[in-house]
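Chemist: Starting off with a structure, shown below.
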Amino acid sequence: MSYQTTIGRPAEAEGIGLHTGARARLRLVPAPADTGIVFRRTDLDNFAIEADGRNVARVSYATSLMKKGVWISTTEHLLAALYSYGIDNVYADLDAIEVPIFDGSAGPFVELLERAGIRKLRRRRKYMKVLRPLEVAEKDRRIGIYPADEFRVRCLVDYPHALVGRQEIELRVGRTTFRHVLAPARTFCFTHEIEPLRAMGLIRGGSLENAIVMTADGIMNGPLRFPDEFGRHKTLDLIGDLALVGRPLLAHVIAHKAGHALHTQLVTRLLADPSLWTETTAAEAGAPLAAPEALPASD
Ligand SMILES: [Zn+2]
């Protein structure tokens, strides 16, 4: 039997946003059962925006949430960490529009969660168990979700670059795999993308400290943390977007050269069609997320 969780105690960190360049303070605060993951803009009277597919706004180079004209940008790395750690309920308080990018990986969010600890709540966790496949495609990019007894992802990237090429990651999503396999993998971009992105008003906070920058045939700020750091990072992004389902998944997700736009389309269509899934508290067939019992007690 699996129970809902929150964090054991508040934890906070400060950094700049990748796209806005604005300094922001992120504070994670424990929340009661059935709250879900809720962002609060502390600079706007604690205006709350649920991390939920219904609040997905603009997705291009990052995923943004919007509710009644209030935004939270670049949510995917934080949400990937919370979702993989099996944190069902938490307030993510932010005093600016964009979640800090830190070093471009999810490592700093994992450190926050390790400091905060995990606390088991008394209410049962509600899983979304996928019953029928759903696929979304756009030219050669595609993503599908299929029935499974645990939460698995497979993510393939394919860039025509000597250091990238074809990379594929497949794993069962959980605390240990996330912490060791995915969290350290950093955001990347190609030098030819930098000027167009700047012209769009994006990556104002981008630097060699928070993204891997690839030149035509090499890397500007090596070394890589893993030879397949790109595939690992895209897997992290995928999980962060799937978190917008709003509850733990029992499903196998396969992404082939997908990106934020396709990830969030899948989430939106899944939420819109309840005949594709059922809500269940029983997940004995496979422990899909980090088992709270195995974590250090924090209360
Ligand atoms: Zn990313």
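The values are calculated or read from the model by the stated rules, or taken from the named source; none is laboratory data. Please read these numbers as outputs of a predicted model, since none were measured by experiment. Every residue, glycine as well, gets a Cβ built from its backbone with ideal geometry; the counts of neighbours run over all protein chains shown.
Chemist: Residue check, Gly205 against (1) within 15 Å of the ligand (Cβ to nearest atom); (2) not in a loop (DSSP other than H, G, I, E, B), all met but one. Which one?
Modeler: (2)
Chemist: Only residues that are under 16 Å from Ser105 (Cβ atoms) and more than 14 Å from the ligand (Cβ to nearest atom): list them for the range 70-82, please.
Modeler: Leu82, the sole residue that qualifies.
Chemist: Is it the case that some residue within the range 95-108 is modelled with pLDDT of 95 or more and part of a strand (DSSP E or B)?
Modeler: Looking for residues that are modelled with pLDDT of 95 or more and part of a strand (DSSP E or B), one finds at least one in the range 95-108, hence yes.
Chemist: Give, as residue ranges, the strands (runs of 3 or more DSSP E) completely inside the range 1-65 that count at least 3 residues that are within 21 Å of Ala116 (Cα to Cα). Show your work before the answer.
Modeler: Working: elements: 3-7, 11-16, 23-30, 37-41, 47-50, 56-59.
Where strands (runs of 3 or more DSSP E) fall fully within the range 1-65 and carry at least 3 residues being within 21 Å of Ala116 (Cα to Cα), they are 3-7, 11-16, 23-30, 37-41.
Chemist: Hey, among the residues in the range 60-69 that are within 12 Å of the ligand (Cβ to nearest atom) and under 22 Å from Leu44 (Cβ atoms), which one's modelled with the lowest pLDDT?
Modeler: As a first pass, look at the range 60-69 and keep what is within 12 Å of the ligand (Cβ to nearest atom): 61-63.
Imposing the further condition that a residue be under 22 Å from Leu44 (Cβ atoms) reduces the set to 62-63.
Values: Ala62: 87, Thr63: 92.
Filtering the range 60-69 for residues that are within 12 Å of the ligand (Cβ to nearest atom) and under 22 Å from Leu44 (Cβ atoms), the one modelled with the lowest pLDDT comes out as Ala62.
Chemist: Whether any residue in the range 214-235 is closer than 18 Å to Asp103 by Cα, within 13 Å of the ligand (Cβ to nearest atom) and aliphatic (A, V, I, L, M) is what I want to check.
Modeler: Scanning the range 214-235, I find no residue that is closer than 18 Å to Asp103 by Cα, within 13 Å of the ligand (Cβ to nearest atom) and aliphatic (A, V, I, L, M), so the answer is no.
Chemist: Looking at the structure I just gave you, is Thr264 of a type in the set (S, T, N, Q), modelled with pLDDT under 95, within 16 Å of the ligand (Cβ to nearest atom) and under 30 Å from Tyr159 (Cβ atoms)?
Modeler: On the way: of a type in the set (S, T, N, Q): yes; modelled with pLDDT under 95: yes; within 16 Å of the ligand (Cβ to nearest atom): yes; under 30 Å from Tyr159 (Cβ atoms): yes.
Yes.
Chemist: While we're on this one: Among the residues of the range 113-150, what is the count of those that are among the charged types (D, E, K, R), part of a strand (DSSP E or B) and either touching a strand residue (DSSP E or B) at 6+ places or on another chain (Cβ under 8 Å) or surrounded by 15 or more Cβ atoms within 10 Å (Cβ to Cβ) (or both)?
Modeler: Number satisfying all stated conditions: 9.
Chemist: Could you check the range 223-260 and list, in sequence order, the residues that are assigned to a helix (DSSP H, G or I) and acidic (Asp, Glu)? It would help to see each step written out before you state the result.
Modeler: As a first pass, look at the range 223-260 and keep what is assigned to a helix (DSSP H, G or I): 229-245, 260.
Across the range 223-260, the qualifying residues are Glu229, Asp237, Asp241.
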